[in-house]
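Undergrad: Sending over a structure as structure tokens; questions will come in a sec.
The values are calculated or read from the model by the stated rules, or taken from the named source; none is laboratory data. Keep in mind that what you see is a predicted model, and the values were worked out from it rather than measured. Here the Cβ is made from the backbone with ideal geometry for all residues, glycine too, and neighbour counts use every protein chain on show. We work out accessible area using only protein heavy atoms, side chains counted, and drop any ligands, DNA or RNA first. Shrake-Rupley method; radii C 1.70, N 1.55, O 1.52, S 1.80 Å.
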Amino acid sequence: MSTRQIALLVAALMAALGVGVWLHRSDEEKVRDAAEAIVKAANQDSLELTRALDEHATPEVTVTVSDLPEPLVGRAALVAAAGRTPVTGQKLSFRMQTVEVTVQGSNARLNATFVATLQLGLRGISRERSGVALFQKIDGRFQLVSAEIGGER
């Protein structure tokens, strides 16, 4: 091989390595992406939430909300709860803010402020709650195992 061919080969390898590093998502980003996918789907409809939970949550996922008398256990329970609003015609939406993710091996913890907004016509009522979600890496993907949503802030 000539010097020019070696230089081109080295340049191509460096470019491939750079693209690989650029495209690689950290575990923290994967956890955040999974949580955001679930929240985004909860804001759409039960079909989208079911799809997101199938991909990003374990079958026996458990969510404890301080306002509810019992934890929600299983994907179907989460879908049913997200679809309920006190009065027909009202829209309940969710978002996360101040998100912090820590990963230790195959386990991850997401701390965030969860905001629920009930849209009443043109006016919305929002409630902020602190929460923590636990994820586990299963078959290369982080899946929601449990979440606890605390009292109103």
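Undergrad: Quick check on my filter: what residues within the range 38-54 are surrounded by fewer than 19 Cβ atoms within 10 Å (Cβ to Cβ) and at pLDDT 90 or above?
TA: Val39, Lys40, Leu47, Glu48, Thr50, Arg51, Asp54
Undergrad: Same structure, new question: With (1) open to solvent by 70 Å² or more (accessible area, probe 1.4 Å); (2) touching a strand residue (DSSP E or B) at 6+ places or on another chain (Cβ under 9 Å) as the list, and Leu72 as the residue in question, which single condition is left unmet?
TA: In the conditions (1) open to solvent by 70 Å² or more (accessible area, probe 1.4 Å); (2) touching a strand residue (DSSP E or B) at 6+ places or on another chain (Cβ under 9 Å), Leu72 misses (1) alone.
Undergrad: Another question about this same structure. Quick test for you: out of Thr62, Thr102, Thr113, Thr117, pick the one residue that is out of contact with any Ser or Thr (no Cβ under 7 Å at 6 or more places or on another chain) and surrounded by 12 or more Cβ atoms within 10 Å (Cβ to Cβ). Let's see the steps before the verdict.
TA: Working: Thr62 fails: out of contact with any Ser or Thr (no Cβ under 7 Å at 6 or more places or on another chain); Thr113 fails: out of contact with any Ser or Thr (no Cβ under 7 Å at 6 or more places or on another chain); Thr117 fails: out of contact with any Ser or Thr (no Cβ under 7 Å at 6 or more places or on another chain).
Unique residue meeting the criteria: Thr102.
Undergrad: A further question on this structure: Which pairs do you get when a residue that is among the basic types (Lys, Arg), found in the range 91-111, comes within reach of a residue that is loosely packed, with under 13 Cβ neighbours inside 10 Å and in a strand (DSSP E or B), reach meaning Cβ atoms under 6 angstrom, with the pair 6+ apart or on two chains?
TA: Arg109/Thr102
Undergrad: Just to verify a result, which residue in the range 123-148, among those that are of a type in the set (A, V, I, L, M) and in contact with a helix residue (DSSP H, G or I) (Cβ under 8 Å, 6 or more places away or on another chain), is farthest from Val73 (Cα to Cα)? Let's see the steps before the verdict.
TA: Here is the first cut: in the range 123-148, the ones of a type in the set (A, V, I, L, M) are 125, 132-134, 138, 144-145, 147.
From what is left, the residues that are in contact with a helix residue (DSSP H, G or I) (Cβ under 8 Å, 6 or more places away or on another chain) are 133, 144.
On the way: Ala133: 14, Leu144: 12 Å.
In this case the residue turns out to be Ala133.
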